[in-house]
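Nothing in this text is a laboratory measurement; each read-out follows from the coordinates by a stated rule. No experiment lies behind these values; they were computed from the predicted model shown. Because the Cβ atoms are built from the backbone with ideal geometry, glycine has one as well, and the counts that use them run over all protein chains shown.
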Amino acid sequence: MANPTTAGKFIVIEGLEGAGKSSAIALVRDFLHQLNGAEPVCTREPGGTPTAEKIRDLVKQVSNEDPLCDEAECLLMYAARAQLVANVIKPALAKGDWVLGDRHNLSSLAYQGGGRGLLPLVQAVSRATLGDFAPDLTLYLDIPPSLGLARAANRGALDRIEQQAIEFFERARDTYLALAAADANIEVIDATQPLEKVHADILAVLKQRLVD
Ligand code: Z5A
């Protein structure tokens with residue numbers, strides 16, 4: 001591919017449950033491999049380091065004896081993210097590697113900020129833990145929650161966050177869209193389209209933002 005960018009960048013895929021992140025990540029990973037001649041470092045959030053994966057288990061499990069309160073959920077998301085950024089993402093970027101993230105800070109703004117109504121807490125913890133650190137490009141796969149949850153319904157038992165009422169996901173989607181409208185580094189992809197069209201739109205954005 002012509003004119004590859006040499007310094008590593010941090011690319012993130014975001015979207016509600018069932019938006020199609022898994023196949024989008026495979027597509028972007030292949031694109032970056034072709035562009036740079038090397039696989040990007042792939043991360044997922046919450047998770048991606050041994051400590052952050054333990055936190056992932058904590059936030060996903062249902063406990064009737066000790067239900068996770070919204071503030072603890074928010075702080076745990078940032079504890080996991082701080083570990084991942086410090087021990088994986090920043091070292092990889094410093095080496096010149098590309099990093100491809102399955103979710104990042106925008107998920108906390110959407111789910112904990114919009115969904116849980118904790119935006120001031122999310123913004124304060126985000127500033128305190130990440131400072132100005134942010135992805136170079138985020139692809140937000142936009143889908144109405146009713147469609148996303150229907151697509152994801154066949155995947156077995158729902159975790160604690162997946163069990164939230166549809167209004168929670170609607171608030172999260174509204175927040176995703178509002179933040180995307182205000183940030184030139186977030187591209188919205190219409191994920192209600194057939195998969196081939198979603199992928200064509202993703203490749204068009206990647207070519208325009210990373211190659212042209
Ligand atoms: N969370 C949070 O609250 N705060 C945070 O800061 C962070 C996360 C970082 C992580 O769960 C949970 O944590 C998540 C947000 C919260 N909870 N929720 N809800 P996860 O990592 O286990 O799950 P996920 O990230 O939500 O989902 P996923 O499984 O990784 O991917 P997906 O995008 O939801 O779905 P998919 O597997 O790619 O696609 C679903 C199905 O739809 C599949 O069968 C596809 O073949 C099909 N599909 C996909 N695209 C299409 C199109 N275009 N047409 C037709 N069918 C399609």
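If you check Leu139 against the conditions, is it buried (at least 22 other Cβ atoms within 10 Å of the Cβ) and closer than 14 Å to Gly15 by Cβ? Against the criterion (buried (at least 22 other Cβ atoms within 10 Å of the Cβ) and closer than 14 Å to Gly15 by Cβ), Leu139 qualifies. Restricting segment 5-50 to residues that are of a type in the set (Ser, Thr, Tyr) and under 19 Å from Ala134 (Cβ atoms), the residue that is nearest to the ligand (Cβ to nearest atom) is Thr43.
In segment 33-60, which residues are part of a helix (DSSP H, G or I), buried (at least 17 other Cβ atoms within 10 Å of the Cβ) and among the charged types (D, E, K, R)? Answer for segment 33-60, where residues must be part of a helix (DSSP H, G or I), buried (at least 17 other Cβ atoms within 10 Å of the Cβ) and among the charged types (D, E, K, R): just Arg56. Using the structure shown, decide if Leu147 is in contact with a Gly (Cβ under 8 Å, 6 or more places away or on another chain) and exposed (fewer than 15 other Cβ atoms within 10 Å of the Cβ). Taking the combined requirement at face value, the residue satisfies it.
The residues listed here are Ala165, Ala180, Ala184, Ala172; of these, the one that is surrounded by fewer than 16 Cβ atoms within 10 Å (Cβ to Cβ), within 17 Å of the chain's Cα centre (by Cα) and more than 12 Å from Gly18 (Cβ to Cβ) is Ala184. Pairing residues of segment 159-171 that are under 14 Å from Ser107 (Cβ atoms) with residues that are charged (D, E, K, R) and buried (at least 16 other Cβ atoms within 10 Å of the Cβ), at Cβ distances under 7 Å and at least 6 apart in sequence or on separate chains, gives Glu162/Glu17.
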